[in-house]
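A.B. asks: My questions will all concern the structure given below.
Every number here is computed from the coordinates shown, using simple stated rules; none is lab data. None of the values given here were measured: they were computed from a predicted structure. Using ideal geometry, Cβ is built from the backbone for each residue, glycine included, and neighbour counts are taken over all protein chains shown.
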Amino acid sequence: MSSHYPFRLSTLLAVAAAALALLTPVLPLRAQTVPQQSGQHAALSDHAKSENKPELNTEQKPSAESTSPQAAPSANAGPTGQKGVTGKAIEKVKEVAKSAGDIFSRVPCLPPKGGSKSMGSLPRVASRLVAGQPVVIVAFGSSSTQGYGSSSPEFTYPNRLAAQLRRQYPTADITVINAGIGGEDAPEMMKRLKTTVIDLHPDLVIWQVGTNAVLRNLDPNETAKLVEEGITRIQAAGSDVVLIDPQYSPRVNEHAESAGKMMKLLNKVAELRKVGIFPRFAVMKDWHERQAIPIENFVISDGLHMSDWGYACFAQLLGDDIIKSVGQIKLGVNVPADVRTYRPM
């Protein structure tokens, strides 16, 4: 008898549920719109072991891993499908926010004390965001762009930057492409400028350059000339440009005179071509000398490349500058007219 009891109980429950369903009014289904997220391209190849080894120039270019955009559920999708897509989107946002917060749990990421010079304007990026059009950013550079020293592709500066911009502009379609190759500087980068950068039709190019030239004792003037030529070509294609100067680290500091000349020349080129420049060296120096953060907190044991925290804070401050610049242009304030309309002759 006990063996039949579960059957009778389940039958009664099924009948009760059916009766309840008949008494419950039917509600129409409503489609939920999930903000579309574009694919983020991350460099996943083996990282270069040093920025200044010429033989690394022959390594394979980073492969790109794309994540397909999430599609909003159709109007006739069931509640389960709606919950699944929405739930995944929410969880992804939570994961990104958590990974960004965890890295600063012990040491907060603060801007340089006393503030820093404005990075300049980004008219194309701002106009694309205002118009609701996709924004493509190419991070162009060597191994600190590729992400050597990070513990995961997620923690490279381009990926960190992409996550921050998507949090700031949740409805925007933003793609950040990692075009960093370890061991390169201006001469090698110029050879792939068209195929790696210009042919992708980016709205913004963030060009990290100069470190390997310093470590190899190359003429800073020659590097500056190549960078100016490259910026001219990028601007002619209609893209905004931001330069990133060398990092503050023990191995770069061994070439203090050359590094100083390089930074002065890059600033001069940025001023001449009316583009932004993020003073990475000065920012990292401030971390150590004014904020009293040990160098080993933001530079790995090779004395050159950045750690997870270093990449995260660098990306955070760079992203803050980009957001500030976009906001200025949207409000139409603090942006000289000649900068907003400047294009090479």
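A.B. asks: Using the Cα centre of the range 140-247 as the reference point, and only Cβ charges (+1 on K/R, -1 on D/E), how large is the resulting charge dipole? Debye, rounded to the nearest 20. Don't jump to the answer; show the numbers that get you there.
C.D. replies: Numbers: 9 positive and 13 negative charges, 47 e Å.
In total the dipole reaches around 220 debye.
A.B. asks: Express the relative contact order of the range 159-221 as a whole percentage, based on alpha carbon pairs under 8 Å and six or more residues apart in sequence. Kindly include the intermediate steps, with their values, before the conclusion.
C.D. replies: Numbers: 24 pairs, mean separation 17.4, N = 63.
Worked out over the range 159-221, it gives 28 percent.
A.B. asks: In terms of the Cα gyration tensor, with a ≥ b ≥ c the square roots of its eigenvalues, is the range 185-305 rounded because a/c is under 1.5, prolate because a/b exceeds b/c, or oblate? Provide the component values of the computation, followed by the final result.
C.D. replies: Values: a/c = 1.95, a/b = 1.74, b/c = 1.12.
Judged from the Cα gyration tensor, the range 185-305 comes out prolate (a/c at least 1.5, a/b above b/c).
A.B. asks: Let me ask something else. What residues have an amide H closer than 5 Å to that of GLY276, excluding those fewer than 5 places away on the same chain, when H is modeled at 1.01 Å from N in the peptide plane?
C.D. replies: Counting only residues 5 or more places away or on other chains, the set is VAL241, LEU243.
A.B. asks: Right, another one. Using 7 Å Cα-to-Cβ label points, what is the GLU229/VAL107 separation (nm, one decimal)?
C.D. replies: 3.9
A.B. asks: So for the pair ARG216, LYS191, with labels modelled 7 Å out along Cα→Cβ, what separation do we get in nm?
C.D. replies: Reported label-point gap for ARG216 and LYS191 is 0.9 nm.
A.B. asks: Could you give the distance between the Cα centres of the range 272-306 and the range 122-182, to the whole Å?
C.D. replies: 19
A.B. asks: Want the number for ASP199 to ILE295: 0.36 nm per residue separation, take away the alpha-carbon distance, what's left? Working shown, then result.
C.D. replies: Numbers: separation 96, 0.36 × 96 = 34.56 nm, distance 3.83 nm.
Residue separation times 0.36 nm, minus the Cα-Cα distance, leaves 30.7 nm.
A.B. asks: Separate question: For the pair ILE323/VAL130, report the inter-label distance in nm, with labels modelled 7 Å from Cα in the Cβ direction.
C.D. replies: That separation, rounded to one decimal, is 2.0 nm.
A.B. asks: Here's another thing I want to ask about it. If you plug each phi of the range 264-279 into the Karplus form 6.51 cos²θ - 1.76 cosθ + 1.60 with θ = phi - 60°, what whole-Hz ³J(HN,Hα) values come out, in order, with x for Gly and Pro?
C.D. replies: 5, 5, 5, 5, 5, 5, 4, 5, 5, 8, 6, 10, x, 9, 9, x
A.B. asks: What's the exposure ranking of ASP245, ASP173, ASP320, ASP199, going from fewest to most Cβ atoms within 10 Å?
C.D. replies: Numbers: ASP245 25, ASP173 19, ASP320 16, ASP199 10.
The most exposed by this proxy come first: ASP199, ASP320, ASP173, ASP245.
A.B. asks: Pairs to check: LYS113/LYS324; LYS194/LYS268; LYS261/LYS324; LYS113/LYS274; LYS113/LYS225. Give those whose C-alpha atoms are more than 22 Å from each other in this structure.
C.D. replies: Working: LYS113/LYS324 18 Å; LYS194/LYS268 24 Å; LYS261/LYS324 29 Å; LYS113/LYS274 26 Å; LYS113/LYS225 32 Å.
From the list (LYS113/LYS324; LYS194/LYS268; LYS261/LYS324; LYS113/LYS274; LYS113/LYS225), the Cα-Cα distance tops 22 Å for LYS194/LYS268; LYS261/LYS324; LYS113/LYS274; LYS113/LYS225.
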